[in-house]
1. Among 275-282, 259-266, what's the highest-first ranking by average C-beta atoms within 10 angstrom per residue?
2. Normalized C-alpha radius of gyration of the range 221-318, against 2.2 N^0.38 Å?
3. Amide H to amide H under 5 Å from Val227: which residues, 5+ apart in sequence or cross-chain, H placed 1.01 Å off N in plane?
4. Order 36-48, 293-305, 223-235 from most to least packed using the mean count of other Cβ atoms within 10 Å.
5. Give me the log10 of I(q) over I(0) for the range 308-371 at q = 0.12, 0.29 Å⁻¹, as the Debye formula computes it from C-alpha points; what are the numbers?
6. What three numbers, in Å, describe the spread of the alpha carbons of the range 1-102 along their principal axes, ordered from the longest?
7. Only helical DSSP H runs with n ≥ 4 go in: add -39500 (n - 2.57) per run for the chain, normalise by residue count and round the 222 nm mean residue ellipticity to 500 deg cm²/dmol.
8. According to the Kirkwood expression over distinct Cα-Cα pairs, how big is the hydrodynamic radius of the chain, in Å?
Amino acid sequence: MSFQDLGNTCVFGLQWGDEGKGKIVDLLLKEDFDVVVRYAGGANAGHTIVVGSEKYALHQLPSGILRPNVTCLITGGVVIDPAVLLGEIASLRQRGCQIDDNLRISDRAHLVFPYHRREDALADGAARVGEKLGTTGRGIGPCYADKYARHWAIRVGDLYPAQRFKERLATIVAHKNVYLASVFEARETFDAERLAEEYLAFAAELRPFVCNTTTLLYRLMAQGRQVLFEGAQGSLLDIDHGTYPFVTSSSSGSGGVVSGAGVPATKINSAVGVLKAYTTRVGAGPLPTELKDDRGDAIRKRGGEYGTTTGRPRRCGWFDAVATSYAAMFGGPTCLALLHLDTLSGFEELSVCVSYRTGGARLDEFPADVHLLDEVEPVYETVPGWTEDIRHCRRFNELPPPAQDYVRLISERLGLPVRMIGVGPARDQIILIED
Ligand code: GDP
Ligand code: IMO
Ligand code: MG
């Protein structure tokens, strides 16, 4: 089936991340798209692609890197940890993947430094002041904070020329050492010269990939190339619209494309909202439908729900139609990709949260107040499950009738067509539905 009709498309998560975005991006790049763009987040992302018996987990690189003839762009909205990025490039090359002219990195992307990772660990650890967020520890929050504060930030383009970079880094490191010692009583300090040497070596390796990705993207679109925007994290982790403060520090919903990639909103034709057939979340924060019992354990075990980046067990629960409808409202998907339907095989009954109650009254909106969200009581619609293994199904009508009904229920609740259904992690374990 062709997805040519989608035009320039954003693929983004409608939950709290790990919905299976990597798999959908990889699928769409098979035939219909030949440019893929990461527009937000950083090495906190972990996108898995399973190719035969090989498993790839991508943190910094767009998922298109495994497809020959696909141009991969990392644009200015992304924060780049060069050690992670170059490590990923080296390891993929060792596995036979070609990475040269097919990768371009924005000179406007901000760089993550070891002091960002240290601050992330300290600010979210025992010495913190305030909430423990359970971050990935990749330095994401501190790097974006520096970006917006402006005084202490370094972008990819600032690595060149070397002398200017060294001087700027020396000033920043002096500040960071004082800051970390005074706020968190950190004893270790960073050595500006050693850090400059390390980053200048990265700078030389990165050089061939660096360009103005905004102009490049404009040119590629003008040539009629169909572009896929690969979201990281999920809409409910979005800095503005998610369950703040239990969110990430970027615009991880579809809204991040415009500012992060530098494309006008009018150039984006479609958006695929990726969902799991249930809910997962890693780290702290409200999760109204969380199952802290055998059923949650069963989903975790069957679905292999352990973080791709940190290995942490993911919290699991029933599908939440209130939270995902809210995400669909501000994210505007034109269709849905519903993954992990196979993981639900074997439940006698399945529940879908259709509204929240608080203090005996129905709550009509997804609240901004996380304390309220922590306390809401989910109201469920319970439907029959199915026992059959569905991993071999490739057509909608091959699914057991209760599985078909479950997909219809989610589609109706969100008011959107489901065009893809995941029935396993492998590339071919997908059911495609004609529009
Ligand atoms: P992403 O961050 O959104 O790309 O998702 P992750 O890669 O972090 O997590 C999704 C996990 O589910 C990965 O291990 C995938 O290989 C796996 N996966 C994706 N789709 C399906 C599916 O339909 N069924 C099953 N069982 N696994 C899937
Ligand atoms: P992908 O792209 C799931 C979560 C962290 C934590 C919160 C803040 O694989 O879907 P951060 O390190 O960003 O400051 O952590 O956000 N988080 C993710 N959860 N998938 C992700 O990415 C995530 N990226 C960040 O667990 O709760
Ligand atoms: Mg992930």
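1. In descending order of packing, they fall as 275-282, 259-266.
2. Values: Rg = 16.3 Å, N = 98, 2.2 N^0.38 = 12.6 Å.
Rounded to two decimals, the normalised Rg is 1.30.
3. The list, which skips near neighbours in sequence, is Asn8, Thr9.
4. Values: 36-48: 27.2, 293-305: 16.2, 223-235: 24.4.
Going by the mean number of other Cβ atoms within 10 Å, highest first, we get 36-48, 223-235, 293-305.
5. Computed log10 I(q)/I(0) values: -0.46, -1.28.
6. 38, 29, 27
7. On the way: 11 runs with 130 residues, N = 435.
Estimated from H runs of four or more residues: -9000 deg cm²/dmol.
8. Numbers: mean 1/r = 0.0448 Å⁻¹.
The Cα-based Kirkwood calculation yields 22.3 Å.
Bear in mind that the values in this text are calculations on the coordinates, not laboratory data. These figures come from a predicted structure and were not determined experimentally. Don't worry about glycine lacking a Cβ; one is built from the backbone with ideal geometry, like all the others, and counts go over all protein chains shown.
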